[in-house]
Amino acid sequence: MSEPADIMDESSCDPGTRLYGRIAEFLYREADLLDSHRYADWFALFAPDIRYDMPVRINEFRARGDGFRDIAFFDENYASLRTRVKRLETDSAWAESPPSRTRHFVSNILASPGPQAGEFAVQSSFMITRTRSDQGYQLFTGKREDVLRSEGEHFKIARRHILVDQTVITNTNLSILF
Amino acid sequence: MPASKARPGPTKSTFTCLSNGERLETIVRPQEGLISRRIFADPEIYEMEQDRIFARAWFFLGHESEIPKNGDLVTRSCGRDPIVLVRGDDGIIRAFLNSCRHRGTRLCRTDRDNAHFLRCPYHGWSYRNTGELASAMGESHYGPGELEKDKLGLIAVARLGVYRGLIFGTWDGSAPSLEDWLGESRWYIDIIFGRTGGVEIVGVPQIWDVDCSWKFATDNFTDNYHVFSTHQSLVPLGLLPNDPDFACHGHMVTLGNGHILHFVKGPPGVEEFEAMGVPKTLWPKFADHLSPSQADLFTGHCISVGTLWPNFHWMQLVSAGDMESKPIGFLNLRLEIPLTATRTRMYSWFAIDVSASSEYRTASYEAYVRTFGPAGIYDQDDMQNWEDCTSASIGPAAKRYTMHHKMGLHRQRDPNWPGPGVAYADSYGELTQRAWYGEWLRMMSAPFANGGQSP
């Protein structure tokens, strides 16, 4: 454990500070955009130099590593995320038309100063429930490692690294966004 | 090569009755384009497939490049049987049932590793990576003749073969050799996997489960007709042409033993769509590795999707991965493992020419990962279809009806096709599906005669 946070410290992003609250609120509002299928508004949260990836995980012994490999389920830049969003806005992206009903739960948020001035390295846990058509719940869980960049009073997502818990995705497809 | 030698499974057709009295031959009539919906989501059919198809067909296990070093291993499955695919300390690739000879425990519990010995955690039985039982814990407690270690090696597949880096195995000791079984398809495998001297798998497969019959996926991997409708969302984005006939300019080819494929042309005069999207800098290599007619065929086409019966596919495609990139070729290998009648485990690998430049590697990978696999902007819509086909084929009323596989029923073969097999012009048609179901019916039409043999 680190020293107790000074919640009055305007430069700190430890839990309890104003900055931490803003970061958490940003992630909650982002989740709401996804769950409301407001894809264009969601895309507006990303910086043009975004790299958004979800590596494939394998099942292996701890001594061999964390199981994440250099093949991904998602490996996106600004243009390809924009393409996904444009696609979801057509009425013929059949995997999401009619759309999945999702609930993005975001928790375990921890923030620290990021790689550049004005950036924050933010990790969070996610649990996403999805129900499609008349089917039961599908569950996606994992961790996101984000870099949030301050732009005035707002943030842009400059990096998103999605670490899934499953080695075999047991949920039909990955037509939702994380 | 006489065709009869290369055909595993039954040599004469016998009637196969289902528990409701129906005969498979009556409800599956490929020559008429009538395939019963019953065969897709029915547990009885699934159980028969396990013995009659998966316990004797050659099945895909992996690619040599996945286990390049001695001791490298990956775990796979064939039907419901778990497999460990390992390159032994002697450099030889083997495939074993991933199960200890003592209590049957799953031996390798990770997806990949490098090991000299495979040690069972249960009672400590330890096997060399070449399969022999090296030691058991507490051996002194066994009396004379009780632990015959030389007879307790890992259970190996009956036959294993490697062709152009592709590793296949079969549980049927009487199966033809891999080369004979591949037969005419080798000419095309040589093109797709040998065009520039060889291809390699990059990284690990994406693996995911879909609530569908495996056969709806298999059916889809030889279907050009669906592309415009299923992937319609990509038309307004400029990733697919606004022409319902755009993927029809090619040939379907049926080969022996149920192997099938397509060769489809791209829009004429567009360099990105020639040679299946392999960059022009690599084209000089075609002359070193392909015959002139193979090289002409490859250079003149944009897409080749092939199935090595029953459940392994290559997809050599050309697409941009997003609205701003240029189209580029990529090679995607696919496998469907049926888990139940209505649930299937999908494997998707990315492969590329060994001699690829780093630019081509990156562009090809990005195009693949953005368009195919479970998150792919093409592929995710296919999974929706497979699930919806399956869920609507379960009920008793649906099972009384057939699907419709009649397109091109009266089409004549194209005598000018330069390669082996029977080729039909116009790549919109259901000739390859009918050939696949024909082989399915043949394999399903007799019980497994030589199952249960001890190695």
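The values are calculated or read from the model by the stated rules, or taken from the named source; none is laboratory data. Fair warning: this is a prediction, and the values are worked out from it, not measured in the lab. Backbone-built Cβ (ideal geometry, glycine too); neighbour counts: all protein chains shown.
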Residue list for segment A:143-178, filter: among the hydrophobic types (A, V, I, L, M, F, W, C), outside any strand (DSSP E or B) and touching a helix residue (DSSP H, G or I) at 6+ places or on another chain (Cβ under 8 Å): A:L174, A:I176, A:L177
Candidate set from segment B:328-354 (those that are among the hydrophobic types (A, V, I, L, M, F, W, C) and within 13 Å of the chain's Cα centre (by Cα)); member that is surrounded by the fewest Cβ atoms within 10 Å (Cβ to Cβ): B:I337
Of all residues making up segment A:51-83, the number that are among the small types (G, A, S) and either within 14 Å of the chain's Cα centre (by Cα) or more than 7 Å from chain B (Cβ to nearest Cβ) (or both): 3
Candidate set from segment B:128-148 (those that are among the charged types (D, E, K, R) and surrounded by fewer than 16 Cβ atoms within 10 Å (Cβ to Cβ)); member that is farthest from B:G71 (Cα to Cα): B:E146
Number of the exception - B:R94 against (1) closer than 26 Å to B:K151 by Cβ; (2) surrounded by fewer than 19 Cβ atoms within 10 Å (Cβ to Cβ): (2)
B:D381 vs. criteria touching a residue at least 60 places away in the same chain (Cβ under 8 Å), surrounded by 23 or more Cβ atoms within 10 Å (Cβ to Cβ) and of a type in the set (D, E, K, R): yes
Among the candidates A:F126, A:F140, residue that is touching a His at 6+ places or on another chain (Cβ under 7 Å), buried (at least 16 other Cβ atoms within 10 Å of the Cβ) and assigned to a strand (DSSP E or B): A:F126
Residues satisfying the stated conditions in segment B:207-221, i.e. polar (S, T, N, Q) and either at the interface with another protein chain (Cβ under 10 Å from one of its Cβ atoms) or surrounded by 24 or more Cβ atoms within 10 Å (Cβ to Cβ) (or both): B:S213, B:T218
Selection from segment A:164-177 of residues that are of a type outside the set (S, T, Y) and surrounded by fewer than 19 Cβ atoms within 10 Å (Cβ to Cβ): A:D165, A:Q166, A:V168
Residues that are touching a Phe, Trp or Tyr at 6+ places or on another chain (Cβ under 7 Å) and either more than 14 Å from every other protein chain (Cβ to nearest Cβ) or closer than 24 Å to A:V164 by Cα (or both), drawn from segment A:84-111: A:V85, A:L88, A:H104, A:F105, A:V106, A:A111
First in segment B:127-150 and assigned by TED's automatic domain parsing to the domain that holds B:H102, second anywhere and among the β-branched types (V, I, T) and at pLDDT 95 or above, Cβ under 8 Å, 6 or more apart: B:N129/B:V86; B:T130/B:I92
Some residue of segment B:324-334 being within 30 Å of B:G169 (Cβ to Cβ) and facing another protein chain (nearest Cβ under 9 Å): no
Output for segment B:352-369, where each listed residue is out of contact with any Lys or Arg (no Cβ under 8 Å at 6 or more places or on another chain) and charged (D, E, K, R): B:E359, B:R361, B:E366
Any pair with Cβ under 6 angstrom, 6 or more apart, that starts in segment A:167-178 at a residue that is in contact (Cβ under 8 Å) with a residue 40 or more places away in the chain and ends at one that is assigned to a loop (DSSP other than H, G, I, E, B) and surrounded by fewer than 19 Cβ atoms within 10 Å (Cβ to Cβ): A:T167/A:N59
Segments classed as helices (runs of 4 or more DSSP H), wholly inside segment B:355-455, with at least 2 members that are more than 14 Å from chain A (Cβ to nearest Cβ) and over 24 Å from the mean Cα position of the chain (by Cα): B:358-371
Filtered residue count, segment B:233-249, keeping only those that are in a loop (DSSP other than H, G, I, E, B) and either away from chain A (no Cβ under 14 Å) or touching a strand residue (DSSP E or B) at 6+ places or on another chain (Cβ under 9 Å) (or both): 9
Number of the condition not met by B:G266 [criteria: (1) small (G, A, S); (2) modelled with pLDDT of 95 or more; (3) touching a helix residue (DSSP H, G or I) at 6+ places or on another chain (Cβ under 6 Å)]: (2)
Top-ranked residue of segment B:222-232 - restricted to ones that are facing chain A (nearest Cβ under 9 Å) and in contact (Cβ under 8 Å) with a residue 40 or more places away in the chain, ranked as surrounded by the fewest Cβ atoms within 10 Å (Cβ to Cβ): B:T230
